[in-house]
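**Q** Can you keep this structure in mind? I'll have questions shortly.
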């Protein structure tokens, strides 16, 4: 059935098609507000860096004032978020003995009704303990190599007035906790794919060469000062954030990213 014919039949049935269209757009706008963000460190975007952008003392593995931590690490993983009409299919990459973290965050809607959505954050984490030599924040450099960085979206128009929205973002992240109290997770963006308003198409991108050394530079939540001598549980993770919206569009949205965390360089900003 064509879109024009379905709209005409909707009006014959007494359905306010314009109102349905506005409701769909409002839902999509609300999901964009809740969607993945571009993080900042000060006034600069916090994004993945090449080795040429890293201070020489880090690349030379200087241990003053830095503590260098490598595998094996502790580990954790989890996912959260609502879905309506979408099925979430998870796959985990996790081997703390070699520093491997990552996951496949896959959302699919094979029979899209009005205003189906999915909103899933899937995190794979490594952790270690660090004793603060001075009071301050945590500053870290994460030395990482991609296992793979794949973004894929497949769309098929079903019928009627159709719309869609996809946001896929991967981050390397930092979090610290003392005594069970956790500060806010800090993010460094690595790759992303966004699409809005498409009803048919297939997109597949890979942003990094596997095995190439890349870096993330992060400082912990500035609202939490860790006291001298305290033992901080330092968590370094990757987060795959998949946000989808579909109105009468069959959709497969796949975010498949993994990282080998070779080393984490950490020190206290207090000196």
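The values are calculated or read from the model by the stated rules, or taken from the named source; none is laboratory data. Remember, it's a predicted structure, so these values are computed and weren't measured experimentally. Positions of Cβ are backbone-derived with ideal geometry, glycine not excepted, and every protein chain shown enters the neighbour counts.
**Q** Can you tell me which residue within segment 69-94, out of those that are over 28 Å from residue 116 (Cβ atoms) and part of a strand (DSSP E or B), is farthest from the chain's Cα centre (by Cα)?
**A** First pass over segment 69-94, keeping only residues over 28 Å from residue 116 (Cβ atoms): 69-76, 94.
Filter again for part of a strand (DSSP E or B), leaving 69, 74-76, 94.
Details: 69: 24, 74: 21, 75: 18, 76: 16, 94: 16 Å.
Selected residue: 69.
**Q** Same structure again: Is one or more of the residues making up segment 233-250 assigned to a loop (DSSP other than H, G, I, E, B), at pLDDT 95 or above and out of contact with any helix residue (DSSP H, G or I) (no Cβ under 6 Å at 6 or more places or on another chain)?
**A** Going through segment 233-250, the residues assigned to a loop (DSSP other than H, G, I, E, B) turn out to be 248.
Next, only the ones that are at pLDDT 95 or above stay: none.
No.
**Q** Taking residue 254 and the conditions (1) within 24 Å of residue 186 (Cβ to Cβ); (2) crowded, with 17+ Cβ neighbours inside 10 Å; (3) modelled with pLDDT of 95 or more, which numbered condition does it fall short on, given that it satisfies the others?
**A** (1)
**Q** Another question, then. Based on what the data block shows, is residue 123 closer than 21 Å to residue 194 by Cβ and in contact with a strand residue (DSSP E or B) (Cβ under 9 Å, 6 or more places away or on another chain)?
**A** Values: closer than 21 Å to residue 194 by Cβ: yes; in contact with a strand residue (DSSP E or B) (Cβ under 9 Å, 6 or more places away or on another chain): yes.
Considered against the rule, which asks whether it is closer than 21 Å to residue 194 by Cβ and in contact with a strand residue (DSSP E or B) (Cβ under 9 Å, 6 or more places away or on another chain), residue 123 comes out as yes.
**Q** Just give me the residues in segment 45-54 being farther than 16 Å from residue 173 by Cα and either modelled with pLDDT under 95 or outside any loop (DSSP other than H, G, I, E, B) (or both), in sequence order. Break it down stepwise before answering.
**A** Step one: filter segment 45-54 for residues farther than 16 Å from residue 173 by Cα, giving 50-54.
Passing the criteria: 50, 51, 52, 53.
**Q** While we're on this one: Please list, ordered by first then second residue, the pairs with beta carbon atoms under 9 Å, 6 or more apart or interchain, first in segment 216-230 and on the phi > 0 side of the Ramachandran plot, second part of a strand (DSSP E or B).
**A** As it stands, the answer is 229/131, since those pairs meet every condition given.
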